[in-house]
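This report refers to the structure that appears directly beneath it.
The values are calculated or read from the model by the stated rules, or taken from the named source; none is laboratory data. This structure is a prediction, so every number in the text was calculated from the model and none was measured. So basically every Cβ, Gly included, is an ideal-geometry build from the backbone, and we count neighbours across all protein chains shown.
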Amino acid sequence: MANKQTRRNFLLTAPLAAAVAVPMTDTLLRASTAVAEGGQSGVVGGAATFQVFSAQSIEGLVKGFEAAPGSKDLITAKDVAVTMTVSAEEKKAAKEFEYHAHRDHVFQVLDGSTRYELGGTPKNTRETKPGEWLAPESEGFTTVTLNKGDYLSVPRMTPHRRITEGTVSLLLISATTPA
């Protein structure tokens, strides 16, 4: 059983810690030191304290998406402020910028590349539900291209949209705080 902190474990769990609210950070950091070779999750006092997603399991999802692009939620629960989704897409572009009052995102490119348009001042916005907006344009946005292994942190209230000209597989971590 491996239970010491390694550089690899740290690099795999650091984006999670950066993406979530402060109460969750402590749990996720403990998860990085509690990884069991054969284990996938931990339970303390009846409550789950961590989940491990091996490189092999993520790689298997990505390979499956090569045949049929799609997405799979890895973490979703009403009582957890974090969601984690693996998805793949081919030649797809968001028509509008989106931004959120109560949600932060961290993206990691698992394979391929994609482009993000970020920030600026949204124009002609409309609220799609409380705390969620779409805008057909954002004046003064910045464009960044992400390639395999790159991370992108998008804080709440930052307009963003993704444009994928080829193929990309992504890990999306969203942290939500109450309204």
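Observations, loosely collected:
- Number of residues in region 127-157 that are under 18 Å from A93 (Cα atoms) and surrounded by 15 or more Cβ atoms within 10 Å (Cβ to Cβ) equals 9.
- The residue that is farthest from F65 (Cα to Cα), among those in region 164-179 that are surrounded by 15 or more Cβ atoms within 10 Å (Cβ to Cβ) and among the aliphatic types (A, V, I, L, M), is A175.
- T83 vs. criteria hydroxyl-bearing (S, T, Y) and either free of Cβ contacts under 8 Å to residues at least 24 places away in the same chain or touching a helix residue (DSSP H, G or I) at 6+ places or on another chain (Cβ under 6 Å) (or both): no
- Residues of region 130-156 classified as under 16 Å from the mean Cα position of the chain (by Cα), free of Cβ contacts under 8 Å to residues at least 60 places away in the same chain and closer than 12 Å to L118 by Cα, total: 4
- Beta carbons closer than 9 Å, at least 6 apart along the sequence or on distinct chains, pair a first residue in region 117-128 that is within 15 Å of G140 (Cβ to Cβ) with a second that is among the basic types (K, R) for E117/R161; E117/R162; L118/R161.
- Taken over region 68-95, the criterion of being out of contact with any strand residue (DSSP E or B) (no Cβ under 8 Å at 6 or more places or on another chain) and either assigned to a strand (DSSP E or B) or modelled with pLDDT under 80 (or both) is satisfied by A77, K78, D79, V80.
- The single condition among (1) out of contact with any helix residue (DSSP H, G or I) (no Cβ under 7 Å at 6 or more places or on another chain); (2) part of a strand (DSSP E or B) that G60 does not satisfy is (2).
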